[in-house]
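Encoded as structure tokens, the structure appears first; notes follow it.
The values are calculated or read from the model by the stated rules, or taken from the named source; none is laboratory data. Keep in mind that what you see is a predicted model, and the values were worked out from it rather than measured. Heads up, the Cβs are rebuilt from the backbone with ideal geometry, glycines too, and the neighbour counts pull from every protein chain shown. For the accessible areas, the whole protein counts, side chains as well, though only heavy atoms, and no ligand, DNA or RNA atoms are used. Shrake-Rupley method; radii C 1.70, N 1.55, O 1.52, S 1.80 Å.
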Amino acid sequence: MQTSETDHQCDFKIGQRVHWTGDCRRIGTVKYIGQVEGYSGDWIGVDWDNRDGKHDGSINGVRYFNAQFPKSGSFARPHNLSTGVTLLQALDLRYRTSSTKEELDEMYVLSASHKRVNVQLVGKDKIEDILGRFEELPGAALSYLGVSSAGDSVQISKTLPNLKELDLTGNLLSDWQDVAAICSGLPALTALNLTNNKMSDAIVGVSHLKNLRLLVLNNASINWSQVEVLKDSLLVIEELHLMGNKLREITPTSSNIVQGFDSLRVLNLEDNHIADWGEILKLSQLKCLEQLHLNKNNIERIWYPTTDELPYKPFQSLRCLLIGSNKIEDVASIDALNSFPALVDIRCSENPTTDPKRGGIARFALIARLAKLKILNGSEIIPRERKDSEIRYVRLVMSNPHQNLEEIKTLHPRFTELKAFHGIEDEKPSNGPTGPQKMATGLITVTLKCVGPSIGEKAPLTKKLPATTTVGKLKTLCLSFFKLKFFKPILYLQEEGSPVPTLLDDDMSSLNDAGVCNQSTILIDEEN
């Protein structure tokens, strides 16, 4: 019996998530079902996530639906769209599908003589045997397989009794009841990833989420009101990821402060639209919160509340704060981080006030200003770097003769403390010659190491250089020091404890401004 288009049409409903037949990564939302003027038969209007459409939902002056973007909408025949599969069907697709002879024939490498040599996977049968016994699987990655529903929860429980981690990135889930049904069939599940599933506003029947310790809802069209509804079901949640949801506000239901989340240690709000730090302060009573990720928002200013503003100690457990790629312009926001009682790990790069290329604070000054800091922008601060940074910072402040003591206290809150701690005295006028002495106080000792492949083996050199030496001048000096000809050097600052060297790419910047301290190591490479 032949299936008609009308039968296919009945498989769809407005708001349903679908993917293009044969391409599980081309996902969209059904916005229209019916006829299109001038074209025969029935059509499904789809708003595509990747904006790979042809129009905005209107054709020839007739509007059928509203697409999110000018070219994200299109019409498709029902047979060209898939409404998805159940969880166990996706599991079979991922782990039990046998390789065809044609696929095995395509598994080869090229020999030295460019001939095909077929590859035999060592232990392939053994691996397939293990994957065939789903009851032993501790984790499953079912991303972009078109999962749209749970299926039989009892059968899920029998098939995957020990599954602890489930990645459902990029599937067709939207109904929270389907998510709850999946969780109810997985009694051991503690980690669930729903990234790139567009979840419904209506959250009902989600009590089966109570065992989750990690929940990822990145790019899932979630707002904070929905998070508040989910909160009562996430009884033991430790990590919650909410990246890319266009969040602007934190909206608690019972008060001005977010309550509950008694076990939450990590909250990821990166890549959202939060601009007001007052919204973040609504999270300040979360007693176990250790990591707060706020990179790529629109935050302009940070402050720590006084005891008059809040009757409790805000962010009492916060150890790690990521605020990179925001719009922070004032130095006072950086100094405010000293008030957070447990904060030792900060990422603040790519803000106007922390970008040296835009006149912002250099690394050494950030270290000096932040007393408790142990990790800056992913790099550990060792004791020697802290000492050198603080001394260098004090001397830099002292080198400005136009500031009075009150201005210094306002602009540099730690200056007096650091000056006393390191025993740095004010410079006294001398009756003798001042030239050489003045030069000596501005000298720093650096070690130069050649790492360029065409340089050959050369012993490192230790030199004393004025801190005002520019990067461009040092490049020229390196050519002379190592007798290099026909060579275009590129310099890197290698800081102990830093995972990667820092490129010194501004030839006009002084060593002082580039973050080069006393006893620093500079690597000399060859520009490609």
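Summary table below
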quantity	calculated
Residue list for the stretch 22-52, restricted to those being among the polar types (S, T, N, Q) and surrounded by 14 or more Cβ atoms within 10 Å (Cβ to Cβ)	29
Top-ranked residue in the stretch 305-338 [being open to solvent by 40 Å² or more (accessible area, probe 1.4 Å) and hydrophobic (A, V, I, L, M, F, W, C); ranked as farthest from residue 366 (Cα to Cα)]	332
Entirely in the stretch 136-218, the strands (runs of 3 or more DSSP E) that have 2 or more residues that are surrounded by 21 or more Cβ atoms within 10 Å (Cβ to Cβ) and either touching a residue at least 40 places away in the same chain (Cβ under 8 Å) or polar (S, T, N, Q) (or both)	147-149
Residue count for the stretch 480-512, restricted to those that are surrounded by fewer than 18 Cβ atoms within 10 Å (Cβ to Cβ) and not in a strand (DSSP E or B)	16
Selection within the stretch 306-354 - polar (S, T, N, Q) and on the phi > 0 side of the Ramachandran plot	325
Conditions (1) out of contact with any Phe, Trp or Tyr (no Cβ under 7 Å at 6 or more places or on another chain); (2) modelled with pLDDT of 90 or more; (3) among the basic types (Lys, Arg); (4) under 27 Å from residue 176 (Cβ atoms); number of the one not met by residue 51	(1)
Breaking point among (1) under 23 Å from residue 517 (Cβ atoms); (2) at pLDDT below 95; (3) in a loop (DSSP other than H, G, I, E, B), for residue 371	(2)
Hey, residue 302 closer than 15 Å to residue 276 by Cα, part of a loop (DSSP other than H, G, I, E, B) and out of contact with any Leu (no Cβ under 9 Å at 6 or more places or on another chain) or not	no
Residue match in the stretch 396-416 (condition: among the polar types (S, T, N, Q) and under 30 Å from residue 287 (Cα atoms))	no
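Every residue, every condition in (1) farther than 21 Å from residue 192 by Cα; (2) in a loop (DSSP other than H, G, I, E, B); (3) at pLDDT below 95; (4) of a type in the set (Asp, Glu), yes or no:
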{"site": "235", "(1), (2), (3), (4)": "no, yes, yes, no"}
{"site": "254", "(1), (2), (3), (4)": "yes, yes, yes, no"}
{"site": "260", "(1), (2), (3), (4)": "no, yes, yes, no"}
{"site": "275", "(1), (2), (3), (4)": "yes, yes, no, no"}
{"site": "289", "(1), (2), (3), (4)": "no, yes, no, no"}
